[in-house]
1. Filter region 76-88 down to the residues that are among the charged types (D, E, K, R) and not in a strand (DSSP E or B), then identify the one that is surrounded by the most Cβ atoms within 10 Å (Cβ to Cβ).
2. Can you name every residue in region 242-263 that is free of Cβ contacts under 8 Å to residues at least 60 places away in the same chain, buried (at least 16 other Cβ atoms within 10 Å of the Cβ) and farther than 22 Å from PHE200 by Cβ?
3. Restricted to region 89-127, and to residues that are part of a strand (DSSP E or B) and among the β-branched types (Val, Ile, Thr), which residue is modelled with the lowest pLDDT?
4. Out of all the residues in region 554-573, which are part of a strand (DSSP E or B) and of a type outside the set (A, V, I, L, M)?
5. Among what's in region 463-495 and is within 33 Å of the chain's Cα centre (by Cα) and without any contact (Cβ under 8 Å) to a residue 40 or more places away in the chain, pick the residue that is farthest from GLY519 (Cα to Cα).
6. Any idea which residue in region 554-574 is modelled with the lowest pLDDT, counting only those that are open to solvent by 40 Å² or more (accessible area, probe 1.4 Å) and closer than 20 Å to ASN503 by Cβ?
7. Please go through region 74-99 and pick out each residue that is free of Cβ contacts under 8 Å to residues at least 60 places away in the same chain and hydrophobic (A, V, I, L, M, F, W, C).
8. Output the helices (runs of 4 or more DSSP H) that fall wholly within region 128-200 and possess 3 or more residues being modelled with pLDDT of 75 or more, or say none.
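The values are calculated or read from the model by the stated rules, or taken from the named source; none is laboratory data. From a predicted model like this one, the values you see are computed outputs, not experimental measurements. Cβ coordinates were reconstructed from backbone atoms using ideal geometry, including for glycine residues, and neighbour counts include every protein chain displayed. Areas reflect the complete protein model, heavy atoms only, side chains present, ligands, DNA and RNA absent. Shrake-Rupley method; radii C 1.70, N 1.55, O 1.52, S 1.80 Å.
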Amino acid sequence: MLKAGMTMHGWMQRARPARGGLLGIAIWLLAIVPHAALGDSRVALVIGNAAYRNATALANPRNDAEAVAAELERVGFKVVKGIDLDQVGMRAVIRDFDAALANADVGLFYYAGHGLQVDGHNYLVPVDAELKREVDLNLEATDLNVVLQLLQRSVPTSLVFLDACRDNPFAQTLARSMGPTRSISVGRGLALVESAVGSFIAYATQPENVALDGDGADSPFAAALLKHIETPGLSIADLMIRVRNDVIAATHGKQVPWDHSSLTGSFYFVAQPGVAGTSSGAPAPDNSAVSAPSGGSTAVEIAFWDSVKDSNDPAQVQAYLQSYPHGSFAAIARIRLEHLRPKEANAAPAVAMLPPAADDTADMLATLRSVLPADVPFEEAVVRTVLTDPVFQIQPTTVTQSRWHGTFVKNHAVTIDVAARWKQLTRGFAAVRANTQVAGPTGAVVLLAQGDTLAVLNGALTLSSRQTFVANNGNETTQATITSVTKEISQVTGKLFPMAVGNQLQFHEIFEETLDKAGETATTRYVAEDQLKVTGRIRGDAAGLPWNEEVFEVSFEQDRRDEQGALTQVSGKNYFVPSLRAFVELEDGGPADPMYARMNAWQMQ
């Protein structure tokens with residue numbers, strides 16, 4: 001069977017879940033798990049004001065808000081969004097936010113646009129504001145305290161991100177109207193707000209300073225936030241350290257993000273798979289951040305950095321990073337260190353090796369029976385077809401065994417953790433055992449799966465697969481098994497190996513899928529037309545893969561019909577890694593797909 005995931009963890013595309021691989025079937029089975037089992041309820045208000053009518057328009061707040069809203073939805077937030085809001089619109093979305101917070105565990109507020117402080121009070125500026133006189137503050141602007149108090153009384157955990165510290169023409173106009181005595185109460189940037197218990201407030205730059213709008217599509221603060229928010233197991237404290245270092249590097253030290261926290265437990269946008277994450281409630285220590293040396297003050301750190309920043313000795317810069325791994329100059333130090341270190345020759349990562357398997361065609365059926373579990377069936381006639389058709393004959397490989405571990409993150413902050421053991425046999429046959437666990441935003445595991453697969457063409461084609469799942473919604477456990485067997489392969493044309501751009505492989509196949517769930521068994525027969533095509537070559541690291549060698553892009557298309565004639569069309573892209581002799585995938589589905597998942601962590605053994 002051709003797969004949407006021609007990979008080590010999922011060589012199986014099926015019509016019932018309409019998704020590919022062990023990854024896709026795991027997502028499909030999540031439908032039987034109530035959403036409440038996946039963790040805390042999260043609600044966010046995101047506002048981006050850019051098109052100001054009485055001041056120069058800002059370039060990035062609209063982009064920032066759109067991107068942040070989409071990112072928050074991917075990690076499990078219900079988002080209330082407002083773009084270019086006037087005074088009436090600001091009040092309306094705050095009311096909507098208030099209603100959405102009912103029964104929520106976590107509330108988040110993100111604002112990008114103009115803001116100003118007067119007498120230590122912070123105000124957010126709608127796009128229709130003029131703010132000619134002091135009285136206009138209460139009539140035209142939005143007091144930040146309105147949102148902060150709303151969060152404080154509604155949710156145990158509140159998070160606030162303010163990218164509202166841009167240099168502000170409204171502040172200048174207001175200061176002139178207030179006269180020389182009162183004008184000193186109009187400050188630059190935003191004033192520091194002490195957060196209430198259970199709250200976290202982050203500023204795009206330090207209090208009393210102004211932030212940059214940025215030259216790119218997003219502000220430096222928003223770009224850094226978007227870069228790190230989906231990192232599994234990253235507490236919000238460590239996230240802000242990474243954001244701070246990125247912004248310092250991007251602005252050459254002109255902008256330093258600031259935060260103030262009174263959280264009583266660690267909060268993770270995406271929990272580490274298999275580790276229970278905490279977002280509210282009982283305190284949970286956050287020990288992930290590395291402290292500066294005992295007694296180390298800001299002055300000491302600055303002195304340390306000044307002593308090494310112009311050095312040409314990488315050991316001295318490394319010494320600063322060892323002492324201040326999350327220091328104010330850590331990002332710049334890493335860049336400096338990268339320039340000082342000699343460039344190392346590219347080398348493919350080592351792959352676990354075993355002596356080559358014996359290439360004995362006559363014994364292949366016996367070999368398959370010995371390496372596959374007894375409950376994984378395969379069609380002997382199909383195996384013989386593959387063994388005798390020249391299209392399926394590929395060069396022998398000495399890579400006979402390797403282990404792979406990876407983490408996918410999908411919408412609603414569900415993480416899919418996959419560990420696979422790959423055993424290559426002869427002529428591109430491979431036996432794979434994959435173990436998968438699916439966790440919600442808090443890290444609670446809601447689904448476990450184990451699958452055994454027999455594949456050929458280094459994983460491009462599955463001949464049989466058996467996947468067993470156990471789902472737990474907190475009150476009951478559901479088990480299911482899906483077994484698939486290719487019954488016929490015919491009309492084979494073209495070739496895939498030796499791998500070269502432009503190679504194509506087409507074939508006709510018939511396969512059967514049996515679903516056994518709650519004691520009920522159903523078998524469906526499918527007829528499919530499959531096509532594989534090598535579409536390009538790219539360096540693995542440029543594609544986001546952990547290999548700095550050249551890899552091949554391979555597209556796949558499949559049209560399949562069930563017994564009632566219903567048509568399902570599947571297409572996608574994977575990468576073939578020559579040193580591994582296997583296909584890997586970076587994502588499953590498209591960004592607009594509610595079941596979209598993307599790889600964000602790799603580990604090879």
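1. Here the residue is ASP84.
2. Hits for region 242-263 are ALA250, THR251.
3. In the first step, residues of region 89-127 are kept if they are part of a strand (DSSP E or B); the result is 106-112, 115-118, 121-124.
Of the ones still in play, those that are also among the β-branched types (Val, Ile, Thr) are 106, 118.
Values: VAL106: 92, VAL118: 77.
Top of the filtered list is VAL118.
4. SER555, PHE556, GLU557, GLN558, ASP559, ARG560, ARG561, THR568, GLN569, SER571, GLY572, LYS573
5. In this case the residue turns out to be ASN475.
6. By that ranking, first place goes to SER571.
7. Correct list: PHE77, VAL79, VAL80, ILE83, LEU85, VAL88, MET90, ALA92, VAL93, ILE94, PHE97, ALA99.
8. Where helices (runs of 4 or more DSSP H) fall fully within region 128-200 and carry at least 3 residues being modelled with pLDDT of 75 or more, they are 136-140, 144-154.
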